[in-house]
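Colleague: Have a look at this one.
The values are calculated or read from the model by the stated rules, or taken from the named source; none is laboratory data. Being a predicted model, the structure only gives us computed values, none of them experimental. A quick note on method: Cβ atoms are made from the backbone with ideal geometry, for glycine too, and the neighbour counts reach across all protein chains shown. With ligands, DNA and RNA removed, areas are computed over all heavy atoms of the protein, side chains included. Shrake-Rupley method; radii C 1.70, N 1.55, O 1.52, S 1.80 Å.
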Number of protein chains: 2
Amino acid sequence: MNNNSCGPSRIAGCQFTLFPMSEKFVDIILGAIEEVDTSKVWKDTDDVSTCVRGRMGHVFDVTKAIFLHAAKTGEHVAMSGTFSIGCPGDTEADSYMDESDQLLNEEKSQAISQQAGCKFSLYPMGREDYMDAIYEQIDLSKHRGVEVSHAHYATRLDGDVKDIFEAMHQSFDSVQEKVSHVTMTFTISANSPSNQS
Amino acid sequence: MNNNSCGPSRIAGCQFTLFPMSEKFVDIILGAIEEVDTSKVWKDTDDVSTCVRGRMGHVFDVTKAIFLHAAKTGEHVAMSGTFSIGCPGDTEADSYMDESDQLLNEEKSQAISQQAGCKFSLYPMGREDYMDAIYEQIDLSKHRGVEVSHAHYATRLDGDVKDIFEAMHQSFDSVQEKVSHVTMTFTISANSPSNQS
Ligand SMILES: [Ca+2]
């Protein structure tokens, strides 16, 4: 939805906000960002949200790591965001598409064990049969070690944060192989006093 | 994305989460909900998000009012959510579609003056020319008393919370007149220490 010229592009992006429900929200946000290596993604932050863009794997790696490092403080922390790929308004102008496959935050993320609840929705754009693409991926997501349930307008995932992001990543990836422009919204919540499971 | 049968429906809905960046987040959330009359919408809340469904006007009335009553505490408060209408998985089964036009929270909302920043994105579903629908509405939104700017994957609105929701409501409404299934994501933030304008 920006003013760049249109054209095919496989740059992925995520616009997200981290919400620590704590007076220490600034410290928690800055602490999480400090622990995460964002050098393989384009990044821009303002008072409403953060946007990271680059290769899909790095976009998920960075987003997941920021949430994990905030959640491990034990505070009630949530994150809402939208992943997208193939947006006709996006471009590959930035050099970040040349980065190698190696995920910079995977090792530190793997060391953090953190339960969470998440709701996500996949939106394949520009296709009349988009609901078929959605239903196909929902079937797939039942096999990934997270508890899957259905809510209005969304699919709920409960489990370890890393497994939740893996399920979202695989769902997003499988739909984007068939549909050029895909967006995926999510809200993930950890350490909620109303969900101590 | 639930398992209900498909079919045309003009029930609108919003799945949102309120995020007070404060230890008092529970009190702020419950206090806001207590001040808002939700009797004209179907409502369901869990530890991740709240879903309200019903006629479009009431869905916006309730969502806006909950954010306003939380933000007037002066704490840094944000809300992320997704409005939708015409979702093939949604149904008009609930009786809330028979409610009258009168908005139950408009008077109290009008009394609250609160600045905020917001990013939103409109997604007309199932149409190959969806980008045209998006660009048309972006042009419109320049005339509604809010400052409009463009961000990656989103349009930014700055101004009074009521004007921001009015701009989003009008944009959503104008697109849903042309496209059956429309979703609109948003994140709105007030009293941020990094945006004291
Ligand atoms: Ca405190």
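Colleague: Solvent-accessible area of B:Asp37, probe 1.4 Å, all protein chains present, reported in Å² to the nearest ten, please.
Modeller: For B:Asp37, the solvent-accessible surface is approximately 60 Å².
Colleague: May I pose another question? Which of the pairs A:Lys64/A:Lys108; A:Lys178/B:Lys178; B:Lys64/B:Lys108 have their Cα atoms more than 22 Å apart in this structure? It would help to have the intermediate numbers written out before the result.
Modeller: Details: A:Lys64/A:Lys108 11 Å; A:Lys178/B:Lys178 26 Å; B:Lys64/B:Lys108 11 Å.
In this structure, A:Lys178/B:Lys178 lie more than 22 Å apart at Cα.
Colleague: Mind listing the label-point distances from A:Glu35 to the same position on all other copies, shortest first, one decimal in nm, points 7 Å along Cα→Cβ?
Modeller: 3.5
Colleague: Amide H to amide H, which residues 5 or more places from B:Gln114 or on other chains are under 5 Å from it, using H placed in the peptide plane?
Modeller: Those lying under 5 Å, H to H, from B:Gln114 are B:Val161, B:Lys162.
Colleague: Work out from phi, with θ = phi - 60° and the Karplus expression 6.51 cos²θ - 1.76 cosθ + 1.60, the ³J(HN,Hα) of each residue of the stretch A:13-23, listed in order in whole Hz, and give x for Gly and Pro.
Modeller: Karplus values, whole Hz, x for Gly and Pro: x, 9, 9, 9, 10, 9, 10, x, 7, 7, 4.
Colleague: Let me ask you something else. Karplus couplings for the stretch B:36-48 from phi (6.51 cos²θ - 1.76 cosθ + 1.60, θ = phi - 60°), rounded to Hz, Gly and Pro as x?
Modeller: Working through the residues one at a time gives 10, 8, 9, 6, 9, 10, 6, 9, 9, 10, 10, 6, 9 Hz.
Colleague: Still on this model: Taking only DSSP H segments of four or more residues, each worth -39500 (n - 2.57), what value at 222 nm results for the protein assembly as shown once the sum is divided by all its residues, to the nearest 500 deg cm²/dmol?
Modeller: -9500 deg cm²/dmol
Colleague: Summing +1 for each Lys or Arg and -1 for each Asp or Glu, what net charge is found among the other residues whose Cβ lies under 14 Å from the Cβ of B:Glu75?
Modeller: 0
Colleague: Got the B:Asp173 label distances to the other copies yet, label 7 Å along Cα→Cβ, in nm, shortest first?
Modeller: Sorted ascending, the copy-to-copy spacings read 4.4 nm.
Colleague: So what is the relative contact order of chain A, in percent, for Cα pairs below 8 Å that sit 6 or more residues apart?
Modeller: Values: 376 pairs, mean separation 53.9, N = 197.
Relative contact order, chain A: 27 percent.
Colleague: Further question on the same structure: Assuming a ≥ b ≥ c are the square roots of the Cα gyration tensor eigenvalues, decide whether chain B counts as rounded (a/c under 1.5), prolate (otherwise, with a/b larger than b/c) or oblate.
Modeller: Oblate shape, in that a/c is at least 1.5 and b/c is the bigger or equal ratio.
Colleague: Give the nm distances, rounded to one decimal, from A:Glu147 to the matching residue in every other copy, measuring between label points 7 Å along Cα toward the beta carbon; shortest first.
Modeller: In ascending order, 4.6 nm.
Colleague: Something else now. Taking K and R as +1 and D and E as -1, what net charge do the other residues with C-beta under 11 Å from the C-beta of A:Ser84 add up to?
Modeller: Counting the neighbours of A:Ser84, the net charge comes to 0.
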